[in-house]
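Coordinate-derived values only; no laboratory data. Predicted, not measured: the structure shown is a model, and the values here were computed from it. With ideal geometry, Cβ positions are generated from the backbone for all residues, glycine too; neighbour counts draw on all protein chains shown.
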Amino acid sequence: MIKAVVFDMGGVILRLNVPRCINSFKTDAGFTDIEDLINIYQQQGFIGEFEAGKIGIEEFYANCLAHSRPGTSRQTVHDCFCSLLDGTNKDTIELIKAIKGKYKLYILSNNNPISLHLLGEELAKEGLDIDETFEKKFCSFQLKTQKPGKEIYLKALEGIGCDPSEILFIDDSPANLKTAQELGIQTLQYYQDLDIRDSFTA
């Protein structure tokens, strides 16, 4: 029996628009090698270090500006980075509303403070308070470890306190789901053509 449902953030709760983000960085900031750093599942280089908690937000912005054309503003960099996120997946939001209070809900995400703040804003638009909706948020930048490595899952299991078999993990990355399965966690892969409400059978 499922007692806890754990959601990935980007690609599951929030839609991602990688091509738009890359184009914004190239066009608006002159950041021509951004494609080497932005990935749909796990970021690379200093952006990956930002999500792993190895560098802070000020160093992140400084690195972005160093890659951008002279005169680029911090606000422009911020807007470019935020363009990666493209609103919510409505079926996921409706599922969260339907099961809130029936299951303990959590987030497990390769994430950064900018995106986490945006998640809170997007959930608020849907009438959901992030701290009231989710018991805990297991974010890579805070825990200093990332999916698909096992350490972040073990920390999440410790924080949730349920047997792995009582947890359902929803993610869009096969590699992330594979690690969860190896630890005995039940999984559901999310993809854009899936209406998760029809696939949720916990």
ask   = So who's got an amide H within less than 5 Å of the one on LEU85, skipping anything under 5 residues away but keeping other chains? H placed 1.01 Å off N, in plane.
value = ASN17
query = For the stretch 75-80, what does the Karplus curve 6.51 cos²θ - 1.76 cosθ + 1.60, with θ = phi - 60°, yield as ³J(HN,Hα) per residue in whole Hz, taken in order and with x for Gly and Pro?
reply = 4, 4, 4, 4, 5, 4
request  = Find out how many positive minus negative residues lie around TYR103, taking Lys and Arg as positive, Asp and Glu as negative, among other residues whose Cβ is under 13 Å from that of TYR103.
outcome  = +3
remark   = Amide H neighbours of LYS136 at under 5 Å, excluding residues fewer than 5 places away on the same chain, with H built from the backbone geometry, are ILE107
task = With a ≥ b ≥ c taken as the square roots of the eigenvalues of the C-alpha gyration tensor of the stretch 18-83, please select rounded if a/c is under 1.5 and otherwise prolate if a/b is larger than b/c or oblate if it is not?
result = oblate
task = Hey, can you grab everything whose amide H is under 5 Å from the amide H of THR187? Only 5+ residues off in sequence or another chain; H modelled, so Pro and N-termini drop out.
result = PHE169
task = Just need the relative contact order of the stretch 78-147 here, percent rounded to a whole number, with Cα pairs under 8 Å and 6+ apart.
result = 39
key: Phi-based couplings in Hz for the stretch 181-189 (Karplus 6.51, -1.76, 1.60; Gly and Pro marked x)   = 4, 5, 8, x, 7, 6, 9, 9, 8
inquiry  = Suppose every Lys and Arg Cβ carries +1 and every Asp and Glu Cβ carries -1, with no other charges. What dipole size does the stretch 15-149 come out with about its Cα centre, to the nearest 20 debye?
reply    = 320
remark   = Around ASP33 (Cβ within 14 Å, Cβ-to-Cβ, excluding ASP33; K/R +1, D/E -1) the net charge comes to 0
ask   = Relative contact order of the stretch 18-83: what whole-number percent is it, with Cα pairs under 8 angstrom and at least 6 residues apart?
value = 39
ask   = Using the Karplus equation 6.51 cos²θ - 1.76 cosθ + 1.60 (θ = phi - 60°), what ³J(HN,Hα) coupling, rounded to whole Hz, does each residue of the stretch 89-104 give in order, writing x for Gly and Pro?
value = 7, 5, 5, 5, 4, 5, 5, 4, 5, 6, 9, 4, x, 8, 10, 7
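How much of the DSSP beta bridge set in the chain is antiparallel, as a percent to the nearest 5?
Antiparallel bridges: around 10 percent, rounded to the nearest 5.
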ask   = Among PHE141, SER115, ASN63, which residue has its Cα positioned farthest towards the positive end of the charge dipole of the stretch 48-175, with +1 placed on the Cβ of Lys and Arg, -1 on the Cβ of Asp and Glu, and the dipole taken about the Cα centre?
value = ASN63
query = Which label marks the calculated value of Rg and Dmax of the Cα atoms in Å, given the options (i) 17.0, 57; (ii) 21.7, 88; (iii) 29.3, 89?
reply = (i)
Over the chain, relative contact order from alpha-carbon pairs under 8 Å, at least 6 apart, % = 29
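What whole-number volume per residue, in cubic angstrom, does the convex hull of the C-alpha atoms of the stretch 73-165 give? Don't skip to the end; give the middle numbers.
Values: hull volume 11.3 nm³, N = 93.
Cα-based convex hull of the stretch 73-165, divided per residue, equals 121 Å³.
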